[in-house]
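S.K.: Structure provided below as structure tokens; questions to follow.
We did not get these values from a lab; they are worked out from the coordinates using the rules stated. Keep in mind it's a predicted model, so treat the numbers as computed, not measured. Every residue, glycine as well, gets a Cβ built from its backbone with ideal geometry; the counts of neighbours run over all protein chains shown.
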Amino acid sequence: MNSTLDKFFGGKQGGIGLLILAALLLLVFPLLLDSFRLNMVGKYLTYAFVAVGLVLCWGYGGILSLGQGIFFGLGGYCMAMFLKLEASDPESTRIQSTPGIPDFMDWNQITELPLFWQPFQSFGFTLLAVVAVPAILALIIGVAMFKRRVGDVYFSIVTQAIAAILTILIIGQQGLTGGVNGITDLKTLLGWDIRTDEAKTILYFVNAALLIGCILIGRFILASKLGRLLMAMRDKEERVRFSGYDVASFKIFVFCVAASFSAIGGAMFTLQVGFMSPSFVGIVPSIEMVIFAAVGGRMSLLGAVYGALLVNYGKTVFSESFPELWLYFMGGLFIAVVMYFPNGLAGLWQSHARPWLARLRLPDRRQPSMKPKPPAEQPGAGGATIDAVPAKQLESTP
């Protein structure tokens, strides 16, 4: 039982934290918020998938990717392609020059469905592609970079460049991707109207359940030997390499996992919001996604979720109240967190809230046992006592 708690819940305290988050997402928000605000929170949670992946990739693996919008957008586009094909049946598009294809293809004088669009007529293939396509691209990038020991700031620059290239490619191929407008006017999922309030509420719960599942997967990875190796590589990469481990393979794996998490978030974003555009693929959204993880705490999976919720809520409030200044507020928030709370909300909880809660605990009023202590625990008995062991050594003892 203890092993299960450690692997999937992060111990007793981690399990309590996960239960609090689950109660907040599955009970508190649905009961207190109306349909519009609940759907907005659901949109925020789609970004939390990216933040959770960045905790694994950046916080524990030391791989700062400034191009996670690539994978978020690819997952969203895969889902949008299926939904757009379903909305473009011959009956609905009978007024077009070529019925049965998306409207933006007809506008660009394309007369038949492109070959790479055709598999997305299958929902099963679409679900597979949502995870597989971004993971394959991450695998290609990882092999090209990590096998050649390209890391640190150089890797961050490369991911930014790929994000910019992909954005330009999507915008330039307007007849195949919808261009700058993206893929819009998405109506149904397997005949189910996703535009209704009831549908958006159901999708919110699906979104929250998938997010909790990703957190559990992340905790399982961190509790395994791989998690310990990731932290060792982050701190002393050369020492791990000289110990005989293939550092590049571990980096590629965690980078692909983070890409898959981001893609799931992108697919859920498309379902909840009803469109996907290249504005979610570029450099700016990718940097914002890093801010989510930094504010929440790049070493905390749960903190990443709270960071995504807080930053996006602040973004919404600031943009509504101060449309010309909200970018400065966002930048100030990030600078303040980096300067004063480098470990984010999770670090703030560890350093301030938890000690305060510990002081509120009632003292143990049980009567002390009259049974004499064993000789090894008595002062001067010649045996080492636990009080003589330094605190740091105790913390590092498994």
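S.K.: Would you mind putting 285-291, 263-269, 168-174, 29-35 in packing order, based on average other-beta-carbon counts within 10 Å, highest first?
M.R.: In decreasing order of mean packing, 285-291, 263-269, 168-174, 29-35 become 263-269, 285-291, 168-174, 29-35.
S.K.: So for region 104-220, what are the equivalent ellipsoid semi-axes in whole Å, largest first, each being the square root of 5 times an eigenvalue of the Cα gyration tensor?
M.R.: Semi-axes (√(5λ), whole Å): 29, 25, 14.
S.K.: Turning to a different aspect of this structure: Would region 2-352 count as rounded, prolate or oblate if I go by the C-alpha gyration tensor, calling it rounded below 1.5 in a/c and otherwise prolate when a/b exceeds b/c, oblate otherwise?
M.R.: It comes out prolate by the Cα gyration axes.
S.K.: Just to be sure I understand: if I project the alpha-carbon convex hull of region 50-177 onto a plane and average over all orientations, what area do I get in nm²?
M.R.: That works out to 8.6 nm², a quarter of the Cα hull's surface.
S.K.: How high is the FRET efficiency between Lys236 and Ile202 when r is their beta carbon distance and R₀ equals 45 Å, given to the nearest 0.05?
M.R.: 0.45
S.K.: Give the peptides 188-198, 237-247 in descending order of average Cβ contacts within 10 Å, highest first.
M.R.: In decreasing order of mean packing, 188-198, 237-247 become 237-247, 188-198.
S.K.: Can you tally the lysine pairs in region 2-352 where the Cα-Cα distance is under 22 Å and the two residues are eight or more apart, or on different chains?
M.R.: Step by step, the pairs that qualify in region 2-352 add up to 17.
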